[in-house]
1. Step by step: first the residues of the stretch A:52-96, then only those that are of a type in the set (Gly, Ala, Ser) and either closer than 29 Å to A:VAL148 by Cβ or part of a strand (DSSP E or B) (or both), then the one that is farthest from the other protein chains (Cβ to nearest Cβ). Which residue is that?
2. Only one of these is under 11 Å from the mean Cα position of the chain (by Cα), among the β-branched types (Val, Ile, Thr) and either assigned to a loop (DSSP other than H, G, I, E, B) or on the phi < 0 side of the Ramachandran plot (or both): B:ILE120, B:ILE146, B:ILE137, B:ILE153. Name it.
3. So for the stretch A:242-258 (the condition being more than 22 Å from A:ILE26 (Cβ to Cβ), surrounded by fewer than 18 Cβ atoms within 10 Å (Cβ to Cβ) and within 11 Å of chain B (Cβ to nearest Cβ)), does at least one residue qualify?
4. Taking into account only those residues within the stretch A:256-288 that are among the β-branched types (Val, Ile, Thr) and part of a helix (DSSP H, G or I), which is farthest from A:SER9 (Cα to Cα)?
5. Quickly run through the stretch A:169-192 and pick out the residues that are more than 7 Å from chain B (Cβ to nearest Cβ), in contact with a strand residue (DSSP E or B) (Cβ under 9 Å, 6 or more places away or on another chain) and hydrophobic (A, V, I, L, M, F, W, C).
6. In this structure, is B:HIS121 outside the structural domain of B:SER24 (by TED's automatic domain parsing), touching a strand residue (DSSP E or B) at 6+ places or on another chain (Cβ under 6 Å) and in contact (Cβ under 8 Å) with a residue 12 or more places away in the chain?
7. Condition first: surrounded by fewer than 24 Cβ atoms within 10 Å (Cβ to Cβ) and of a type in the set (A, V, I, L, M). Now tell me which residues in the stretch B:132-159 satisfy that.
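The values are calculated or read from the model by the stated rules, or taken from the named source; none is laboratory data. Treat the numbers as computed from the prediction; the structure is a model and nothing was measured. Positions of Cβ are backbone-derived with ideal geometry, glycine not excepted, and every protein chain shown enters the neighbour counts.
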Amino acid sequence: MVNEVAVISGKGGTGKTTVCVALGKIAGNVVMADCDVDAPDVHIILNPSINSAIDFVASKVAVIDENLCTDCGLCEEACRFHAITDSTVDPIGCEGCGVCAHICPENAIEMVERQSGNLYDSDTRIGPLVHAKLLPGEGNSGRLVTEVRKLSTQIATDKGISIVLIDGSPGIGCPVIATVTGIKLGVIVTEPTMSGIHDMQRVSELLQKFRVKTTVIINKYDLNLENTEAIERFCKNNDIEVLGKIKFDPIMTKSMVAAQTLPEFAPDHEISHLLRKVWNRILEMLLE
Amino acid sequence: MIITVASGKGGTGKTTVAVNLALSIGPEKLLDCDVEEPNVHTLLHPTEIRTTTVTVPTPVVDQDKCTLCGKCAEFCQFNAIFVGKTKTMVFNEMCHSCGGCAIVCPEDAITETPRPIGKIHESTIDGITLAYGELTIGEPIATTLIHAVKERIVPEKINILDAPPGTACPVIETMKASDFLILVTEPTPFGLHDLSMAVDVVRGLDIPFGVIINRAGIGDDGVEEYCKRDEIPILLEIPFDRQIAELYSRGVPFVQEMPEWHQRFTDMYTHIERLIHNGK
């Protein structure tokens with residue numbers, strides 16, 4: 001049985017990845033999964049050696065045969081995504097639904113497979129890492145996230161590892177939903193700002209909707225103590241455990257610049273100690 | 001004129017830039033296109049808000065007419081329709097509203113009805129007309145709502161758009177038809193990596209752009225060196241400053257408390273106008 005734990009945030013830039021890789025290093029025996037396929041950053045710290053790269057093909061794109069096309073304009077009219085103008089397909093706008101190909105009276109439109117990204121199975125100094133990269137402007141981020149999770153779980157099963165630690169993406173849309181569906185525990189990294197609170201509330205509501213056990217880490221908590229209290233109140237009222245509060249400290253950025261996890265860069269720093277406690281608590285919760 | 005503020009990496013200060021720029025250059029349209037996690041309103045605190053609901057066409061199957069032939073499910077590229085032994089089911093959240101199932105159904109058993117996916121809130125604060133989308137929690141597809149927010153653009157005015165983070169379809173939907181893109185980054189390895197991905201997207205769209213380095217001084221020189229090497233204009237550097245961070249945490253745009261920044265944002269706008277002009 002493999003348990004998946006995902007670090008998410010709602011708002012971007014609250015410290016998801018920094019916290020996630022630090023926890024991964026502390027854990028020692030996990031498969032890391034970078035599900036922020038839109039802007040993956042875990043590999044910057046973990047410097048993986050890639051075992052295999054897989055093309056991710058999940059959708060199609062319309063291609064019009066100029067020789068058969070009579071410029072009748074029916075496809076342009078039928079396309080709900082405004083992806084056809086003057087008998088030319090905008091591949092970024094095209095969602096691959098196939099309506100144009102279906103209605104074209106000349107059979108001039110073909111739906112061809114297209115690559116939306118790459119999926120990597122890698123090894124790092126702290127263990128296996130599955131990561132991916134969506135090609136610029138592509139849709140299908142949710143499906144690629146699902147592939148990252150599948151491969152991570154597969155590797156964990158093969159190697160007898162019981163935990164997959166996921167670094168999620170900001171937001172609450174398609175990639176985040178694909179990240180949290182069916183996971184065991186969600187860890188929301190937030191910050192004591194008006195936007196941090198607002199976004200944490202929305203993403204915690206998403207986790208509740210998908211019936212995922214929710215926890216919170218407050219990063220840079222001393223930046224605004226009043227807001228930190230507001231977050232703690234919200235968590236208490238919603239039965240969400242606050243796993244830890246991290247002080248604002250430039251050491252977090254310094255470790256990132258050094259391309260190291262915090263426990264590697266500063267093993268005796270108070271935040272490293274705090275994160276060890278956080279990880280132990282996560283392990284307890286997984287056993288409950 | 002449409003200026004879009006984007007970033008690649010989340011949390012680099014897109015919203016801070018969009019709001020402070022709007023407050024500095026006068027009464028304009030400000031559109032928050034980060035419909036998953038809209039934040040502009042947490043800095044501008046609108047009070048009188050007009051709200052409209054945004055819907056998407058979603059298929060409804062008339063089970064009496066349906067013969068369970070399965071053509072709709074076969075056609076659907078998004079796995080949004082499942083034909084069972086006794087019933088055809090639609091998974092609303094998976095549906096992209098392409099309309100294909102209704103077209104292919106030989107029995108005319110599928111009609112489309114509007115289904116709410118989010119809201120648009122509009123308000124006027126200090127002369128700035130603000131519109132922001134709010135995607136309903138649990139809805140995966142943001143692009144339709146972003147499209148609806150962008151319908152509020154008034155071409156003859158200056159429109160500032162706050163984009164979602166990342167480089168995927170919601171970002172492209174926001175960037176499309178912009179006259180200029182401001183990419184906000186921070187001087188760290190993550191900031192640099194995600195900036196270079198955003199630059200790849202922007203170059204593909206062929207829109208003039210420049211970079212703002214936020215929290216200057218917290219990391220390394222990688223972003224600055226990258227911009228120099230690739231001849232990308234650095235429009236502004238905002239230093240890391242605990243006062244700016246604390247003001248943000250309280251929901252206060254920093255130009256209101258640090259008036260010297262008014263002029264810097266105004267100068268930056270003049271620079272942007274020149275870059276757009278030179279581009280043409």
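1. A:SER52
2. Exactly one residue qualifies, and that residue is B:ILE146.
3. No - not one qualifying residue is present in the stretch A:242-258.
4. A:VAL257
5. A:VAL176, A:VAL180, A:ILE183, A:LEU185, A:VAL187, A:ILE188, A:VAL189
6. Judged against the criteria, B:HIS121 is a match.
7. B:ILE137, B:ALA148, B:ILE153, B:VAL154, B:ILE158
Table: residues versus (1) in contact (Cβ under 8 Å) with a residue 60 or more places away in the chain; (2) of a type in the set (Asp, Glu).
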position: B:GLY210; (1), (2): yes, no
position: B:ALA216; (1), (2): no, no
position: B:GLN243; (1), (2): no, no
position: B:VAL252; (1), (2): yes, no
position: B:GLU257; (1), (2): no, yes
position: B:GLU260; (1), (2): no, yes
position: B:ILE272; (1), (2): yes, no
position: B:LEU275; (1), (2): yes, no
